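Read through the structure below, which is laid out as structure tokens, and then see the notes.
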Amino acid sequence: MSDSPLPKKFLRLLKPRLAQMLATLRRFVTAESPSLEKAAADRCCSVIAEEWSRLGARVERIARKQRGDILRIIHAPGKSRPSGQLLVLGHYDTVYSTGTIARMPFRVDAGKAYGPGTFDMKAGIVQALFALQAIQQAEIPLRKRIVFLWTSDEEIGSEASRKIFETEAHRSDAVFVLEPSFGPRGLLKTARKGVGEAELIVHGRASHAGLAPQEGINAIHELARQLARIEKWNDLRRGVTINAGVIEGGTRTNVIPERARAVLDLRALRVSDMRSLERRLHALRPLQRGARLEITGGFGRPPLERKMSAALFTHANSLARQMHLRLGECTVGGGSDGNFTAALGIPTLDGLGAVGDGAHSSHEHVLINTMPQRAALLAALLSEG
Ligand SMILES: [Zn+2]
């Protein structure tokens, strides 16, 4: 091939592959894969495994009891000893239960491919597949081993896969996360908030509101006062939010309630803010004498701080420019598995997957013309890493 820059070479190889990419995406999307339905997810896992096996890559299926099996695909550089490892991380589970495909069939219309899980994030897996194919075709001598890991429970907190991808991340020099990009320009996600959930239960004492009000301890009043206190911890400028999303308590108006409960959503951009929010929450003490607080939970995913992405983003940007593309970056409030790998201290670049919109909604879609570009970008990142 000519001596044009690598990303351009890849783009030239990948552009004519769009129809094949869409056919593969159709197969992946038609095999529905809800996080909570193991049998269906396993069928999708087989469909994905088959495509990767066809490339001659080493495909390992890691069995899970409750969730869909995990796929680990290893591409080692030819004869030479690898001088490190790159991890490509993503998930094939979706938030849509089986049968959604009947209402939301896969279709391509006006440059967009629609269907459950297209954007989040089956198109990302397709792009990675074709990126590897392009690397093989271009016969680029790789320095590092590439591991692709496709998990099945990202949408429900990654309990069944976390250990596996954390172990793999520990062995890696960088992690590329193929979660969807943001907005029509396809911004990469260089910072993500940490996300958590906590429950605050107030135990009071029941009594007749009319006959013996002095004997009661009103759990709802106590909860309301605690929430007024907690609300002040919000700091939008620092990216700290705490949201009481659910409350419940009480039985009848003439009964002083003995129990009230709130479920809180917690978010923070910095690890230090995450820790201090958790500390403050667990340090809450009752304001009413006799009331008792029960506080559980905390952050499930730590923040992905921008410093963990900065160098990789600069590199990705310089590769993209060689294809005359300009990459942008953004900070998002939601977490992904990239939050976990970044928290281990491994450089992590997220949002490298599809460009599109409507994740978790009926108009979920990807912009098909961007698929070869994003695949070329990933191929270049993996070749030069
Ligand atoms: Zn996702």
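Computed quantities for the displayed model
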read-out	value
Karplus-derived HN-Hα couplings along segment 128-135 (A = 6.51, B = -1.76, C = 1.60, θ = phi - 60°), whole Hz, x at Gly and Pro	5, 4, 6, 5, 5, 4, 5, 4
Rounded FRET efficiency, nearest 0.05, which uses the C-beta distance separating residue 296 from residue 98 and R0 of 30 Å	0.40
Given charges at beta-carbon only (K, R positive; D, E negative), |dipole| of segment 286-382 in Debye	260
Prolate/oblate/rounded call for segment 1-143, Cα gyration tensor, a/c under 1.5 rounded	oblate
Of all DSSP beta bridges in segment 87-183, antiparallel share, percent nearest 5	25
Part-to-part distance (alpha-carbon centres) for segment 229-247 and segment 365-385, which is given in Å	37
Estimated [θ] at 222 nm from DSSP helical runs (n ≥ 4, -39500 (n - 2.57)) normalised by residues in the chain, nearest 500	-10000 deg cm²/dmol
Lys, Arg +1 and Asp, Glu -1 on Cβ, resulting dipole of segment 265-313 about Cα centre, debye, nearest 20	160
Overall Cα dimensions of segment 70-126, principal axis frame, Å, largest first	50, 27, 13
Listed residues 108, 127, 91: farthest to the positive end of the dipole of segment 1-137 (Cβ charges)	127
Protein-only accessible surface order, largest first, of 162, 26, 285 at 1.4 Å	285, 26, 162
Inter-probe distance in nm under a simple model that places probes 7 Å from Cα toward Cβ, at residue 209 and residue 225	1.8
Extreme residue, positive dipole direction of segment 248-385, given options 272, 347, 365 (C-beta unit charges)	272
Unit charges on C-beta of K, R, D, E only; dipole of the chain, Debye	800
Interchain or long-range residues, amide H under 5 Å from residue 177's placed H	89, 349, 350, 351, 352
Share antiparallel - DSSP beta bridges, the chain, percent rounded to 5	75
Per residue, in Å², the accessible surface of the chain once ligands and nucleic acids are set aside, probe 1.4 Å	45
Most mobile listed residue (102, 174, 359) in the chain, GNM with C-alpha springs under 10 Å	102
Per-residue HN-Hα couplings for segment 163-170 [Karplus 6.51, -1.76, 1.60; θ = phi - 60°; Hz; x = Gly/Pro]	4, 5, 6, 5, 4, 5, 5, 4
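The values are calculated or read from the model by the stated rules, or taken from the named source; none is laboratory data. Because the structure is predicted, anything quoted here is derived from the model rather than measured. In this analysis, Cβ positions are derived from the backbone assuming ideal geometry, glycine residues included, and neighbour counts consider all displayed protein chains. The area values use the complete protein model at the heavy-atom level, side chains included, leaving out ligands, DNA and RNA. Shrake-Rupley method; radii C 1.70, N 1.55, O 1.52, S 1.80 Å.
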